[in-house]
Structures are given as C-alpha cells and as structure tokens.
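The values are calculated or read from the model by the stated rules, or taken from the named source; none is laboratory data. Remember, it's a predicted structure, so these values are computed and weren't measured experimentally. Note: ideal-geometry Cβ built from the backbone for every residue, glycine included; neighbour counts use all protein chains shown. Keep in mind that these areas ignore ligands, DNA and RNA; they rest on the heavy atoms of the full protein, side chains included. Shrake-Rupley method; radii C 1.70, N 1.55, O 1.52, S 1.80 Å.
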Amino acid sequence: MEGLIMDYPLTTTTILEYGNSAFKHKKIISHLPNGSRHEYTFGDLHKRCKQLANVLTHKLGVTKGDMIGTFAWNHYQHVELYYGIPSVGAICHTINIRLSSHQTEFIINHSEDKVIFVDASLVPLLEKIAGQLETVEHYVIMNAPEKFSTTLLNVLHYEDLLEGESEEFEWPTLSENDACGMCYTSGTTGLPKGVLYTHRSTYLHALTISTPNAANYDNSDIVLLIVPQFHVMAWGYPYLCLITGSDMVLPSSNLQPEAIISILQEEKITKANGVPTIWMGVYEAMKKNPPRPKLALQEYLVGGSALTASLIKGMDDDFGIKGVQAWGMTETSPLGTVSRLQPHHEKLSTEEKIKIRAKQGIEFPGIEMRVVDNNGKVAERDGKTMGELQVKGAWVIKSYFKTNNRDNFTDDGWFRTGDVSTVDSDGYMHITDRTKDLIKSGGEWISSVALESALMSHPKVKEAAVIAIPDEKWAERPLAVIVLTDEDEVVLDANFKEFLSRDFANYQIPDNYVFVNQVPRTSVGKFDKKEIRRLYAQGEL
Ligand code: ADP
C-alpha cells in the first residue's frame, strides 16, 4: 500500500526558497579576489537568482538539461550560479581551475558546456584552450576590473546582464531526479570522469550533513567555506548554510594562511572546513603569531586527506579548536563518514580519544559501507581486517557521465571506493591506504599512509610521501620522499629508521629516503603519487 503523503520534489530551488523565507536577513559575505569585501543577505541572493534565471532563459537561451560551466573562486556570484542554474532546469557544472589545460579542455568538451561563467582573474587559463572548445557559445565574465581585455570571443559581463532584469520569475516544475550539478573527479588516476548529481541527492546530502553528529551547524554559526566551489559542490556547504540559517563567508582566492586567519578574526567565524594542508598552514602560522583576541572558531571540518593525530592535538592543546574528520569522494557528493566522539568514549584517555578522531568515522544515515577483503568476503568489524571500502546510498554515484565502464561498481550494486580501510567494533572506519598505493612487500601489506603520518610527526620533516618501488627480492619496497623543515640540514636515513622502529615492524620501514624541495601535488593539493612514481622510474628523484 502506498502512503498518503504529498509527492513533493526535493530540489535545490526549495532550499533557496526556504533560505529566503526563514532566514532572509542572514548574511553572505565575500572577500573578493581584488581584496574588497562584499556583503548581502539570503533575501538579496533570492532576488538575484530570479534575475539570473531571466538572464539564463531569455538572454542566453538556456533550456532544460543544458550544461552550464563555472570557472570561479568562492564568492556570492558563484553561489547565485549554484542555485540559479539548476532552478531553471539546467546543470551547474563546476570546472576545477587547478587542472591542466589538457584536462580542462577535455572536461569542457566532454560535458558540452554551452555557457561558461568565469572570474576575470581566471580568464587567461581559458584563453589558452578557447580555440579547442567545441560547444561554448558565450563566456560571462565576473569580477572584471575596469581595464579588462581578453582574446575570448562572445564575451558578456555578469553584472551588465543582471542589471535591470526583473526580480520576478516563475520556477519551472522539476523532478527531484533531474540533474542539478556536475563535477569531474580530479583525475588522480587517468582521465577525469564526470559525476552528475541530482536535486534529490544534493538536497539529502546537505540536509544530513547539517545535523549535530555531522557538520553541526545552526543559525548562530558564521561559517567560512574554504573548500573550493569548483570542487565537489564545495562539499554541499552553500546548500547547507541556507538550510541551517548560518551566515556564509566566502574567501575567493584569499587562501594563504595569514589571509585565512585574518578572515577568521574579522568575521568572527565559528565553524569552517578545508583540506588538511590548509589547516596545517593555519596552525603553523598561528603558532608563530598567536591571534589576539582569541579566535571565535570552535571547529574545523577536514576531509580530502587524513587529518593527523598531531594536528588534532596541536590545535586542541594550543588553541582549543576542535578538528573534526570527514571522509568522502567526488562520487559520494562528497561526504560519507564523519568522526565524532560519543558519550561512551568519555572514559578514555586523551590519546585514545584522539586516535578515534583521527579515524574517518561512522557513516551518515543514508549511506551504507562495508569492507571487502581479498577473498571477496565482507570483513569483520574488528578494527584490524583491511579490505576495500565499498559504499552505497542516497548520494552515491550509480554510473559515470557518458560511459558504460562498470569497473568501479560491484555486481550487487556497491560503489568501489579504491580506498583500503578497517572498521572497528564501534563502526568507525579508518582508511589505511588507497588500493593503488598499498605496498605489498614479501606478501605483507605496508600502509604508505601510516608511514607518511609517522614521518610527518618527525620534528625535522615538513612533508613525506611514500610510494612502492619495485624490488627483486620482496616484489615491492616503500620509498620515502621527504621535504625537510630546514633544507640545509643533513638528516641520516638511520635517524628515520630508528624513529619509525618505535611503531613499525622491521619489514615495514623504508630502506630508501630521498630528499626533495617539494612533493608533487595534484590539482586539489594531494600528493601526486603517479607523478612521484614517474619521476622515480625516470631516475629523476
Ligand atoms: P576529495 O578531494 O573531495 O576527497 P576526491 O574524489 O578527489 O575527492 O578524492 C577522494 C579520495 O580522497 C578518497 O577516495 C580517499 O582516498 C581520499 N580521502 C578523502 N577524505 C579522506 C580522509 N578523511 N582521510 C583519508 N583520505 C581521504
């Protein structure tokens, strides 16, 4: 028997309408690329989204199902695009500004973007490839300085287009299963693959992560959205802030540690997000120059790479600011798990508590996870048995855009994450490696992630990446690629071996260490293991 409740589509338009109705006066503050500060309200956002809808449909000929690209920093116009584009039935395709020209060209042609909204400061990146872009009819420039020129053709200006447009627009009726956003995976392995989000998945993801066990936001929070809007819909935060009524602060390109600290101070930020590299930089800068008065920041939510126990402890002890770890992927919208302590952990020592917080955590309601071992069996939740992490749920991909490749999906409908993890008896998942990175030496697994975390807690190490290198006897051995805190210092391999021997078995300790000035990184700031392996293979390390 079917229930007797209204069929009410869960769309991002309903979030926009709710933000306007419930929290009209809450603020969206942007620190723009030119250093200026812009402030307006959820009510203003609503009006401008209606103007944008008129522009899209009447001036740019956008119709349902069209793919519309954005190539921009975090700021209010980008938030308008997040809501305005899907509200007319088109798809907001956020293009990662940090990819190579080759990848950007591939993505724009593959997704068939019809219009691209681009920040003036990023135009040079598109100029390089514009000749090869097959489907783009218009480039709409945002935040252009007075003197602005470009070799791009068919250029329009965002504010000129909106100026004088009607603030009346009747939203079309959409299905909650219509596509609303698109993001390509950053391509750590191979060519980028498109992930197409639905209104429903976006709505449910945002609603769920706003809850106390997850991001824990309410209408007294002032939130700094550091995670780029060009990457996985900024982890859903532009939606979640309208749901919770939290003020939203957007830093655009002001992402240096000092700039972030100054925004944290000026805007009295209470919650923020970001990848570990950002928070490591902020922590180091605050240690050198502790902010006065004390920051209002209570929590920072970290994902994308592991939040280390040492950073959790440092921020706790030195500044009383809590790091909360989340795990996710572009394919999971992105958030899948979060690690927060529960009342029964209270009796544990501080160290034991930090160990739990350094795990990736428990799944959100709406997500299921399992770990599958080498024999295809679902692993015990014993905190020890490693296997591939597989997930399914209301905001997990069921297929990549325009491809029938099913390599990442199991026959029984789970998504294969390519991460290797354990789950403990309390249900806390802990990533031990990615499938591609695991080192198998003499038939035994070695976790490169664990070695990296340990090496990075050595006082003389700034960064450490560990890769597998071929070895005649053992099949593979780990190689540690290290950036020292003091470039001129000589640190012997023996120091590291001794240091690691406290936590690792002999066979797990790398025999080889190379010292570099910088570890190669992917477009989103993770260690680029593919590139490190390539450099090693060519004898360039
Ligand atoms: P994002 O950059 O948002 O994490 P990607 O799809 O580029 O999304 O990368 C996803 C991968 O990043 C995961 O499969 C996992 O390997 C890694 N990752 C994400 N969050 C964490 C975390 N908290 N700890 C360790 N690895 C993580």
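Computed from the Cβ-Cβ distance with R0 of 41 Å, the FRET efficiency linking SER220 to GLN538 stands at 0.15. If you take the charge dipole of the chain about its Cα centre, with +1 on Lys and Arg Cβ and -1 on Asp and Glu Cβ, which of GLY427, TYR203, GLN77 is farthest toward its positive end? Of GLY427, TYR203, GLN77, it is GLY427.
Per residue, the accessible area of the stretch 38-115 comes to 25 Å², computed with a 1.4 Å probe over protein heavy atoms only. Fully extending the segment from ILE129 to ASN177 would add 14.0 nm, taking 0.36 nm per residue of separation and subtracting the current Cα-Cα distance.
Between LYS402 and THR435, the FRET efficiency estimated from the beta carbon spacing at R0 = 25 angstrom works out to 0.55. Placing a label point 7 Å from the Cα of TYR18 along the Cα-to-Cβ direction, the residues of the stretch 229-251 whose backbone N falls under 11 Å of that point are 239-245.
The residue list VAL275, SER111, MET142 was ranked by how far each Cα lies along the charge dipole of the chain toward its positive end, using unit charges on Cβ atoms, and VAL275 comes out on top. Surface exposure of the stretch 438-537, expressed per residue as accessible area with a 1.4 Å probe, stands at 52 Å². Fully extending the segment from VAL483 to ASP7 would add 165.7 nm, taking 0.36 nm per residue of separation and subtracting the current Cα-Cα distance. Computed about the Cα centre, the dipole magnitude for the chain is approximately 500 debye when only Lys and Arg (+1) and Asp and Glu (-1) carry charge, each at its Cβ.
Ranking ILE482, LEU455, VAL519 by Cα position along the charge dipole of the stretch 438-537, where only Lys, Arg, Asp and Glu carry charges on their C-beta atoms, puts VAL519 farthest toward the positive end. Rounded, prolate or oblate, given the Cα gyration tensor of the stretch 25-255, with a/c below 1.5 counting as rounded? Cα axes put the stretch 25-255 in the rounded bin. Each of the peptides 96-105, 70-79, 422-431 was scored by the mean count of other Cβ atoms within 10 Å over its residues; in descending order, highest first, they stand as 70-79, 422-431, 96-105. With the cut-off at 1.5 for a/c, could you classify the stretch 438-537 from its C-alpha gyration tensor as rounded, prolate or oblate? Oblate.
Please say if the stretch 207-357 is rounded, prolate or oblate, where rounded means a/c under 1.5 for a ≥ b ≥ c the square roots of the C-alpha gyration tensor eigenvalues, and otherwise the choice is prolate for a/b larger than b/c and oblate otherwise? It is rounded, given that a/c, with a ≥ b ≥ c, falls under 1.5. Counted by Cβ distance under 13 Å from GLY376, the other residues give a net charge of -1, where Lys and Arg count +1 and Asp and Glu count -1. Label-to-label distance, LYS268 versus SER310, with points set 7 angstrom from Cα along the beta-carbon direction: 3.6 nm.
Once C-alpha pairs closer than 8 Å and six or more residues apart are averaged by separation and normalised to the residue number of the stretch 438-537, the relative contact order reads 25 percent.
For the chain, relative contact order (Cα pairs under 8 Å, six or more residues apart, normalised by length) works out to 10 percent. Note on SER425 and GLU346: their simple-model spin labels are 2.2 nm apart, each label 7 Å out from Cα toward Cβ.
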